[in-house]
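What follows is a set of notes on a single structure, which appears directly below.
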Amino acid sequence: MIPNKATGAGNNDATMVYKATFSTALSSAPRIEAWDNSQTFPAVDSIGSTILKEIFTGTTGNGSKPMLAGYIGGLVTAATKPGASWHPSSASAGGANPNLLKGSTNFVNTSVVPGAGEAIVFNISERAPSDATVPSTSSMNALILIRCNYTGAAPDITLSFNEGSEVTPSWTTITPGTHGIRFCNAGTVSGGQYKLTLPDSGTVDAGEQWITV
């Protein structure tokens, strides 16, 4: 049900967090990108085009690094976990797995090419600095984009998040533009407040991710 938190989301040794299912076969491996979002949560732009917001440019407090990171675990039927504390300390140019996320400058890629009806699983992490803008009404607005290549008809992509466990996932469909991800403190309860408390210095990893309307 929504709202609910995504099991294992963030800088944890978990891969059964988010799932993308492709209705038709891809011609190459998909990749995960993040871009500016100009819409008001949970609405999203149809496609990302800029990476100007603070969530991508960073601040003095985090060495001007992107705050989002991603990891692709591969096909849901043979997924691998990222390991503990997998959020990279710096970005790799182009694609890597895991990697910090900043448009087409830094993104996550994988060698796995899903067939028709197959799905990949992935995790997302946010690491925010103490000097991030408060309130972050616009500076943290981002969209997650799954870029894929195909021949023939474009595949339908169904997004889901896990409400079960890493071993026994229970998948709930996410409707882009209706539902969105909020990066929150550990111990957040349904109904909010859906907030991430900044530290006095240094950075903090979002303890939970909640899917809400």
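Brief remarks follow.
- Per residue solvent-accessible surface (Å²) - the range 93-167, probe of 1.4 Å: 43
- Evaluated at q = 0.16, 0.18, 0.19, 0.22 Å⁻¹, the base-10 log of the normalised Debye intensity for the range 123-213, with identical point scatterers placed on the Cα atoms, takes the values -0.81, -0.97, -1.05, -1.27.
- Those lysines that a straight Cα-Cα span of less than 16 Å connects to LYS5, excepting residues fewer than 8 apart in one chain: LYS19, LYS195
- Whole-Å distance, taken between Cα centres, linking the range 107-140 and the range 30-81: 4
- Under 19 Å of direct C-alpha separation, and excluding same-chain neighbours fewer than eight residues apart, LYS102 reaches these lysines: LYS53, LYS65.
- Cα gyration tensor, the range 1-113 - rounded (a/c under 1.5), prolate or oblate: rounded
- Probe 1.4 Å, all protein chains present, accessible-area order of GLU118, GLU33, largest first: GLU118, GLU33
- Dipole of the chain computed with +1 at Lys/Arg Cβ and -1 at Asp/Glu Cβ about the Cα centre; of ALA6, SER201, ALA43, farthest Cα towards the positive end is ALA43.
- Sites ILE157 and THR133, calculated FRET efficiency, Cβ-Cβ separation with R0 45 Å, nearest 0.05: 0.90
- Estimated Rh, the chain: Kirkwood, alpha-carbon pairs, angstrom: 17.1
- Backbone N atoms of the range 7-29 closer than 20 Å to the 7 Å Cα→Cβ label point of VAL167 belong to residues 7-9, 12-18.
- Modelled FRET efficiency - R0 35 Å, SER190 with ILE146, Cβ distances, 0.05 increments: 0.85
- Of all accessible heavy-atom area on the chain, the percent that carbon and sulfur account for (1.4 Å): 51
The values are calculated or read from the model by the stated rules, or taken from the named source; none is laboratory data. A quick note: this is a predicted structure, and the numbers were derived from the prediction, not measured. All Cβ positions, even for glycine, are placed from backbone atoms using ideal geometry, and neighbour counts span all protein chains on display. Calculation scope for accessible area: heavy atoms of the full protein, side chains included, ligands and nucleic acids excluded. Shrake-Rupley method; radii C 1.70, N 1.55, O 1.52, S 1.80 Å.
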